[in-house]
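Q: My structure is below; once you've seen it, I'll send some questions.
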Amino acid sequence: MDSVNEELARARVSLKEAGCDLALLASVTNVTYVSGFEVPLPVGVSAAVPYAPPFALVSVRDSAAWLATSIFHTAQAARESRLDQLLTFAGFDSFQPSDPRGSYLQAVRTALQQAGLKDAGRLGVEGRALPYGAAALIAREFPLAQLIDIDEAMDSARRIKTPREIELLRRAAHIGDVGHRTLASLAQTAGQNEFDMYAEIIARMQQAAGHEIPVSGELVTGPRTTTVNYPGGPLDRVTEPGDAALMDISQRVDGYWSDCTNTHVIGGVAPSAIQLKYARASQAAFAAAAENLRPGKQASDVWSAANAAYEKHGLAMPHYMGHQIGASVNELPRLVPYDHTPIEANMVFAVEPGAYQGPGGAFGARSEKMIWVTETGPEILSHFDWGI
């Protein structure tokens, strides 16, 4: 076990404040956060053959912690996990009958018994992620255990990033830079298919990462940039000179996400007056939001500053201004008028104001970069240039 696991320590503080003796974590985000194991996203065969995804059990009373994963990921978990105990459960076997559900539940039972839950105790669970089978087992075999919903506690634990997380987010932002610089190069030439452009962008990011990475997002060109219909592409469309090209892309690197957006004019064509108006409004709102990401401000203050920038350009706010980012791509707090969460040092945000002509128009822009809140103010982690 890694002797210094600040994320696990932060989780224990929040879980203790929530009144837990133990916590059973079942979401990709929180298991990745406390363990350092990059939990595979629930797609493809790895999601289909076990009964449920990996879980972690954290003792709040002492230093014990367990990670449990399917046998398909045992080697990876052994390399990456920062927890002190590793359990495995079965999945599909090509040659022998297997019991994925029973094996998973036995791992849950073993972890709870080793942690000393016995019949009673205060067990934190994630209401959004706990599998039914695990809930039924707890009710049946630990009937006196008190269940505590820990979704808010874990959100709170992840709110302030540790130095390790900030470096991981800096690395993810760097891979995002690679993708957006690739788009900048591709946007110089019209007559390309969106599918081909997107494939090249992903290939460049994976080469920079050195291995396959999960990617989500959109690449939209032409009239589809005028409205938000995320994810809106890529589609089988060939670009034309003067088209807008808007890419909002997120990728996961070593368990942490990047989320950045940029807008270009295709074909080396100078932007029109309308294109400049919307691009500059979006960029001005970003700059205003970034300037207000300082300790002592509130999330709603950041939204208000961005909204004022829109008004100076004669435009209305089209959607929220951004969100925190970490082991999940979209975390709290979000930059909206009703969220008064204090901005604190070592938060990391993806700020993403957009400006769109709407149906019947021809252009829309969104400008998103990642920002680390330091004691003295914002540091922009994304280093690509705006496309307009």
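Q: Identify all residues within the stretch 18-44 that are in contact with a Ser or Thr (Cβ under 8 Å, 6 or more places away or on another chain), surrounded by fewer than 22 Cβ atoms within 10 Å (Cβ to Cβ) and closer than 24 Å to Lys118 by Cα; write none if there are none.
A: Asp21
Q: Could you tell me which of the residues Ala327, Ala289, Ala245, Ala306 is touching a His at 6+ places or on another chain (Cβ under 8 Å), crowded, with 24+ Cβ neighbours inside 10 Å, among the small types (Gly, Ala, Ser) and at pLDDT 95 or above? Spell out how you get there, then give the answer.
A: On the way: Ala327 fails: touching a His at 6+ places or on another chain (Cβ under 8 Å); Ala289 fails: touching a His at 6+ places or on another chain (Cβ under 8 Å); Ala306 fails: touching a His at 6+ places or on another chain (Cβ under 8 Å).
Step by step, each of Ala327, Ala289, Ala245, Ala306 is checked, and only Ala245 is touching a His at 6+ places or on another chain (Cβ under 8 Å), crowded, with 24+ Cβ neighbours inside 10 Å, among the small types (Gly, Ala, Ser) and at pLDDT 95 or above.
Q: Also: Here is a list: Asn262, Asn229. Which entry is more than 17 Å from the chain's Cα centre (by Cα), assigned by TED's automatic domain parsing to the domain that holds Gln324, within 19 Å of Phe349 (Cβ to Cβ) and of a type outside the set (Asp, Glu)? Show your work before the answer.
A: Values: Asn229 fails: within 19 Å of Phe349 (Cβ to Cβ).
One residue alone meets the criteria, Asn262.
Q: So which residues in the stretch 328-343 are part of a strand (DSSP E or B) and under 26 Å from Asp254 (Cα atoms)? Break it down stepwise before answering.
A: Going residue by residue through the stretch 328-343, those that are part of a strand (DSSP E or B) are 331-334, 342.
Within the stretch 328-343, Glu331, Leu332, Pro333, Arg334 meet the criteria.
Q: Any residue at all in the stretch 161-172 that's of a type in the set (Gly, Ala, Ser), within 30 Å of Arg366 (Cα to Cα), at pLDDT 95 or above and assigned to a helix (DSSP H, G or I)? First the steps, then the outcome.
A: Within the stretch 161-172, the subset of a type in the set (Gly, Ala, Ser) is 172.
Checking the rest, the ones that are also within 30 Å of Arg366 (Cα to Cα) come to 172.
Filter once more, so that each one left must be at pLDDT 95 or above: 172.
If we keep only those that are assigned to a helix (DSSP H, G or I) as well, we get 172.
Yes, that holds for at least one residue.
Q: Would you be able to say whether some residue in the stretch 117-125 is at pLDDT below 95 and either farther than 19 Å from Val60 by Cβ or in a helix (DSSP H, G or I) (or both)? Reasoning before the result, please.
A: As a first pass, look at the stretch 117-125 and keep what is at pLDDT below 95: 117-121.
Now narrow it down to the ones that are either farther than 19 Å from Val60 by Cβ or in a helix (DSSP H, G or I) (or both): none.
Taking every residue of the stretch 117-125 in turn, none turns out to be at pLDDT below 95 and either farther than 19 Å from Val60 by Cβ or in a helix (DSSP H, G or I) (or both).
Q: Only one of Glu141, Glu126 is acidic (Asp, Glu), touching a strand residue (DSSP E or B) at 6+ places or on another chain (Cβ under 8 Å) and either surrounded by 13 or more Cβ atoms within 10 Å (Cβ to Cβ) or not assigned by TED's automatic domain parsing to the domain that holds Tyr51 (or both). Can you tell me which?
A: Glu126
Q: Name the residue, out of Phe72, Phe92, that is among the aromatic types (Phe, Trp, Tyr), touching a residue at least 24 places away in the same chain (Cβ under 8 Å) and under 30 Å from Ser258 (Cβ atoms).
A: Numbers: Phe92 fails: under 30 Å from Ser258 (Cβ atoms).
The conditions single out Phe72.
Q: Here is a follow-up. Do we find a residue being free of Cβ contacts under 8 Å to residues at least 12 places away in the same chain and farther than 16 Å from Met370 by Cβ anywhere in the stretch 137-144? Spell out how you get there, then give the answer.
A: Our first condition is that a residue be free of Cβ contacts under 8 Å to residues at least 12 places away in the same chain; within the stretch 137-144, this holds for 139-140.
Next, from what is left, pick out any that are farther than 16 Å from Met370 by Cβ: 139-140.
Taking every residue of the stretch 137-144 in turn, at least one turns out to be free of Cβ contacts under 8 Å to residues at least 12 places away in the same chain and farther than 16 Å from Met370 by Cβ.
Q: Now for a different question. Could you please find all residues in the stretch 278-327 being touching a Phe, Trp or Tyr at 6+ places or on another chain (Cβ under 9 Å), assigned to a loop (DSSP other than H, G, I, E, B), farther than 26 Å from Ala362 by Cα and of a type in the set (Gly, Ala, Ser)?
A: Gly326, Ala327
Q: Conditions: (1) loosely packed, with under 15 Cβ neighbours inside 10 Å; (2) within 21 Å of Ala172 (Cβ to Cβ). Thr376 meets all but one. Number of the miss?
A: Of the numbered conditions (1) loosely packed, with under 15 Cβ neighbours inside 10 Å; (2) within 21 Å of Ala172 (Cβ to Cβ), the odd one out for Thr376 is (2).
Q: May I pose another question? Would you kindly identify the helices (runs of 4 or more DSSP H) lying entirely within the stretch 1-98 that contain at least 3 residues that are modelled with pLDDT of 95 or more? I'd like the intermediate steps shown before the answer.
A: On the way: elements: 6-17, 28-35, 45-48, 74-80.
Where helices (runs of 4 or more DSSP H) fall fully within the stretch 1-98 and carry at least 3 residues being modelled with pLDDT of 95 or more, they are 6-17, 28-35, 74-80.
The values are calculated or read from the model by the stated rules, or taken from the named source; none is laboratory data. Source: prediction; values computed, not measured. Quick reminder, even Gly has a Cβ in these numbers, built from the backbone with ideal geometry, and neighbours come from all protein chains shown.
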